[in-house]
Amino acid sequence: MRQRWKDERTPSDKAKVVIELGDRLFSNRATMESLWQQIADQFYPERAEFTLQRTPGAEFADHLMTSYPVKLREELASSIQAMLRPPGQKWFGMSSGREEIDQHDSAAPWLERSGLRLWRALEDPKALFMRATTAADHDFVAFGNAVLTVERHPAGVGFLLQNWHLRDVAWAENALREVDTVARRFKGTARGLLQEFGRQNVCDKVVEMMEKNPYGDVPCFSVVVPVEVWDYAYTGESENAKARRREAFPFMQIVVDKAHEHVMRETPLRINPYVIVRWRLSTLSPYAFAPPTIIGLPDARLLQRMTLSMLESAEKGVDPPLIARGEKLRGGVNVYAGGVTYVDPDYDDRTGKVVEALFETQAFEPAKEFYDRHMAMMKDLFYLNKLTLPEFKDMTAYEVQKRMEEFARAATPLFGPLETEYNGRVLEKSIAIGFQTDLFGPREEIPAVLRGRELAFTYKSPLRQAAEEVKAQQLGTGLQLMQGAAAFDPTVPQNVDLNKATRESLRGLGWPSGWIKPEDQVQQEREAQAKQQQADSALQQVQRGGEAAGAVAGAAKDAAAAGINIPSLLQGLGGAAA
């Protein structure tokens, strides 16, 4: 397709625009880096490189007295993966957003088949899904923000997911508080840039570096912006053509060699590859925070101090400081195992001990009780007491329902943002790429009831699974109630559509659509069964008629043998009746 517009800016001008935008975004969030560094020091020391640069091999947790805050972050992040994206299990389903369409006989198999294909593509080791989401889980728990990219794999088949350090990414929102502008800084090498962008797209100075210092660092920016922010300098294009182009490619990605102010790549995008996961947003900032760490930061510092004090106290109790009468000693106090301390032979112990503890060890239990209570409070901050499903043994359906409602109230602050802001956005971008690469088969195979509809997702978390199981238990309880009421009024079951209730309960329990017969097939089988019952009933009536005729014939034969004339007898009875 021939390009109908012209960009009036020079390559150098465009590079300066990108560099200025990137510098501004990073400058606006400079204060966040110091906060993230403090949080990382206490909860995520492996990631504590916001305001400092570690050398390889440096110990990153030598400032901690206890690893308990780090352990809490580790447990919560691991729980997110295990509960919402369990490895080896299909943790989502595709949906049209309307239940009656999802249950349509043509839509249900396609949705199930396409969801399975999408899940398998994400689980492909080449997609690096597990690595990227695991790192993002820990960023989300510690900082309340995580950055992922979901892109088509460079090999052309499948996906590629990557997680990026928050230190290297800055973003801005639009009027709807959606992140649509993202800048990522990175350091490439001369060799790497040549391999990725090609000789014709890199600066001549990078080619010179390749000859002298192929692994020298080259600071770069990769920026994704809405296309209307970038194409303001395009000329020679009609408004209608511009609108169509912007609708087809709403984003633009520009990669710039910052050191040499050179644009290496300028690519229109159908989707923004970035997934910015945010937990709890404040009023004005585009950056979120994690309630467990932002609230627990003072507690984590206090816990470190308490641990140090208790360790010192315990050490003093085991090996207390001593006070000695120097003039009575010969050679000093030997406190090591088997050591002998010599005293003056004229020493009289009635004047006081020659060596004694400087002070008595204070009571340790009150401090330990406060310490344990503080640890329990921090565990509660990280939702770890709320992520265990309640036990349903020996409970009625009503009791189970109430326990599940209580569990939902406690777990929703965590699961809600994860399903919508995290899993949902990753799947939205994945399905868009899937349609571009025909992952779901030819578009002609899409059922008519689904064409033109935006697909949504259903999630299979323990919370939702338990809620569906409660629904199935409610059906069982209702059937028992109807059974008792039907003893007094046989028409009671007519109040309930048992067919629909059963089908919905089986779907809620996770039955595949292939296990449940289509409604049309069920209706045909019922009609055939009804016709067969009618035929059987007619045959039974014929058989009963034949048996009656045989009985009459047998009686007539017996009467004749006894010398009774049946026709004369019937005629006589008829005359008597007259």
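The values are calculated or read from the model by the stated rules, or taken from the named source; none is laboratory data. Please read these numbers as outputs of a predicted model, since none were measured by experiment. Cβ sites come from the backbone with ideal geometry, for glycine too, and all protein chains shown count toward neighbours. Side chains are part of the model used for accessible areas, which takes the heavy atoms of the whole protein and leaves out ligands, DNA and RNA. Shrake-Rupley method; radii C 1.70, N 1.55, O 1.52, S 1.80 Å.
General remarks:
- Residue check for MET378: crowded, with 16+ Cβ neighbours inside 10 Å and at pLDDT 85 or above: yes
- Residue within segment 12-27 that is more than 30 Å from THR235 (Cα to Cα), not in a loop (DSSP other than H, G, I, E, B) and not acidic (Asp, Glu) present: yes
- Once segment 339-360 is narrowed to residues that are part of a helix (DSSP H, G or I) and either among the charged types (D, E, K, R) or in contact with a Phe, Trp or Tyr (Cβ under 7 Å, 6 or more places away or on another chain) (or both), the residue that is surrounded by the fewest Cβ atoms within 10 Å (Cβ to Cβ) is ARG350.
- Selection count where residues are of a type in the set (Phe, Trp, Tyr) and in a helix (DSSP H, G or I), scope segment 49-71: 1
- Filter result (under 15 Å from LYS368 (Cβ atoms) and open to solvent by less than 50 Å² (accessible area, probe 1.4 Å)) within segment 309-321: MET310, SER313, ALA314, GLY317
- Contacts under 6 angstrom Cβ, first residue in segment 127-156 being among the aliphatic types (A, V, I, L, M), partner open to solvent by 10 Å² or more (accessible area, probe 1.4 Å) and part of a helix (DSSP H, G or I), 6 or more apart: VAL150/LYS429
- Residue list for segment 238-268, restricted to those being on the phi < 0 side of the Ramachandran plot, surrounded by 15 or more Cβ atoms within 10 Å (Cβ to Cβ) and in a loop (DSSP other than H, G, I, E, B): PHE249, PRO250, LYS258, ALA259, HIS260
- Residue check, ALA82 among the aliphatic types (A, V, I, L, M), under 16 Å from VAL141 (Cβ atoms) and open to solvent by 30 Å² or more (accessible area, probe 1.4 Å): yes
- Residues in segment 57-94 that are aliphatic (A, V, I, L, M) and more than 25 Å from MET378 (Cα to Cα): ALA58, MET94.
- For segment 217-237, a tally of residues being under 15 Å from ALA259 (Cα atoms) and open to solvent by 10 Å² or more (accessible area, probe 1.4 Å) returns 2.
- Out of GLU100, GLU46, GLU74, sole residue that is open to solvent by 50 Å² or more (accessible area, probe 1.4 Å), touching a His at 6+ places or on another chain (Cβ under 8 Å) and part of a helix (DSSP H, G or I): GLU74
- Residue pairs whose Cβ atoms lie under 6 Å apart, sitting 6 or more positions apart in sequence or on different chains, and linking a residue in segment 320-338 that is assigned to a loop (DSSP other than H, G, I, E, B) to a partner that is among the polar types (S, T, N, Q) and modelled with pLDDT of 75 or more, are VAL333/THR341; ASN334/THR341.
- Cβ pairs under 6 Å, 6+ apart, first in segment 369-380 and over 20 Å from LEU76 (Cα atoms), second in a helix (DSSP H, G or I): TYR371/MET306
- Selection from segment 229-263 of residues that are touching a residue at least 24 places away in the same chain (Cβ under 8 Å) and within 35 Å of the chain's Cα centre (by Cα): VAL229, TRP230, PRO250, PHE251, MET252, GLN253, ILE254, VAL255, VAL256
- Residue among PHE435, PHE407, PHE440, PHE457 that is surrounded by 12 or more Cβ atoms within 10 Å (Cβ to Cβ) and touching a strand residue (DSSP E or B) at 6+ places or on another chain (Cβ under 8 Å): PHE457
- The residue of segment 320-367 that is modelled with the lowest pLDDT, among those that are of a type in the set (Asp, Glu) and under 30 Å from SER309 (Cα atoms), is GLU360.
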